[in-house]
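The next block holds one structure in the form of structure tokens; read it before the comments.
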């Protein structure tokens with residue numbers, strides 16, 4: 001399998017700026033908010049930056065086709081907030097009070113080739129951001145623009161997407177009204193919502209060829225001031241599945257370093273009318289059935305699974321479209337992870353179903369640490 005990687009970096013003086021402060025400037029630390037139940041979402045405002053939380057990401061994946069030729073794509077924007085006094089007291093417009101990494105990937109399913117690029121920019125001087133005034137999230141020329149019809153664009157070299165997305169269902173608030181637990185203690189949580197079925201059309205460029213494509217996409221937005229507990233959590237497995245009976249499923253597991261412990265997790269079942277049901281960890285099973293080892297990272301990843309949700313008569317076989325969909329993002333988020341297109345076949349309440357989706361797996365090529373700087 002062929003993998004193409006491009007990296008783009010802006011503002012390589014970030015590390016120096018973190019260490020510098022202006023003589024005589026008052027030093028103060030930025031206070032980040034804790035995630036607690038009862039957050040009142042307000043849209044479209046909440047589609048954009050929450051600077052009082054430390055970590056935030058906007059995540060788009062999709063499966064599209066052109067005359068039977070299939071592709072997957074990922075475009076993820078991250079925001080990391082700094083609270084170090086040396087940074088916060090620096091009056092320079094270039095001071096990196098927020099840092100915006102981004103990842104862009106295309107899976108060519110027919111040829112089993114995977115391309116990805118990564119970028120990292122400071123929010124300074126409009127080089128990256130998530131502004132409710134402009135109603136956009138961007139990192140350089142990569143952008144999501146909100147409106148009656150969403151615009152999603154990214155390009156690097158001879159690979160690009162230029163897509164129009166339209167929600168076919170309303171927003172889904174995961175967990176308790178968007179309060180999504182990520183561990184056993186209450187502070188280990190995020191605010192998390194999704195648009196689980198986005199009609200998608202536009203162009204995709206790969207290898208110098210441009211394809212007219214259509215299909216379905218998925219959007220996640222999540223923000224928090226902490227995520228994994230590095231002392232006992234190793235990584236996570238996450239699935240988004242779009243079935244042909246107009247059902248969507250989101251499931252996640254947070255794996256412990258102590259493999260004898262049952263992984264923490266939860267999920268959401270989205271019904272055809274857009275309503276949803278929260279799935280407790282005891283209500284579903286995810287069983288890996290085959291594995292692939294990366295020649296580059298040495299990570300050993302599951303690439304097929306059986307997913308069962310017995311109370312709803314769901315029994316699915318999930319399989320990677322192809323195995324090598326690994327990203328090694330050592331120069332942006334510092335994470336090595338598997339993020340790829342998957343297929344689904346199985347049964348839903350005794351009826352045959354099929355579908356597609358995406359899976360994300362972290363912590364299989366070394367323990368996962370998400371975020372920049374120290375734990376809050």
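Here, each number is a calculation from the coordinates, and none is a lab measurement. Predicted, not measured: the structure shown is a model, and the values here were computed from it. No Cβ is skipped: glycine too gets one built from the backbone with ideal geometry, and neighbour counts run over all protein chains shown.
Some observations on this one:
- Rounded FRET efficiency, nearest 0.05, which uses the C-beta distance separating residue 212 from residue 300 and R0 of 51 Å: 0.85
- Against the empirical 2.2 N^0.38 Å (N residues), region 201-327 has a Cα radius of gyration ratio of 1.23.
- Length-normalised contact order for region 236-349 - Cα pairs under 8 Å, 6+ apart - percent: 15
- Principal axis box of the chain, alpha-carbon based, largest edge first, Å: 71, 49, 44
- Distance between region 161-183 and region 26-84 - C-alpha centres, whole angstrom: 11
- With the largest listed first and rounded to whole Å, the semi-axes of the equivalent ellipsoid of region 134-257 from the Cα gyration tensor are 30, 18, 15.
- Near-label residues of region 186-230 by backbone N, under 11 Å of a point 7 Å along Cα→Cβ of residue 257: 229-230
- Within region 264-358, the proportion of Cα pairs with more than 22 Å between them is 39 percent.
- Available extension along the chain between residue 290 and residue 245 is 13.5 nm, counting 0.36 nm per residue and deducting the alpha carbon span.
- Size of region 60-211: Rg and Dmax of its alpha carbons, in Å, are 17.8, 55.
- Each label was represented as a point 7 Å from its Cα along the Cα-to-Cβ direction; for residue 311 and residue 273 these points are 1.9 nm apart.
- 13 Å tail of the calculated P(r), region 100-154, as % of Cα pairs: 64
- Sorted largest first, extent of region 149-200 alpha carbons per principal axis (Å): 45, 28, 11
- Likely footprinting exposure, 271, 138, fewest C-beta neighbours within 10 Å first: 271, 138
- Label-point separation, residue 127 to residue 176 (7 Å along Cα→Cβ), nm: 4.1
- In the chain, the DSSP-assigned H stretches of four residues or longer account for a calculated mean residue ellipticity at 222 nm of -500 deg cm²/dmol, using -39500 (n - 2.57) per stretch and the full residue count as denominator.
- Based on Cα contacts under 8 Å between residues 6+ apart, the chain shows a relative contact order of 15 percent.
- Percentage relative contact order, region 157-210, counting C-alpha pairs under 8 Å, at least six apart: 50
- Estimated FRET transfer efficiency (residue 232, residue 352; beta-carbon r; R0 35 Å; 0.05): 0.30
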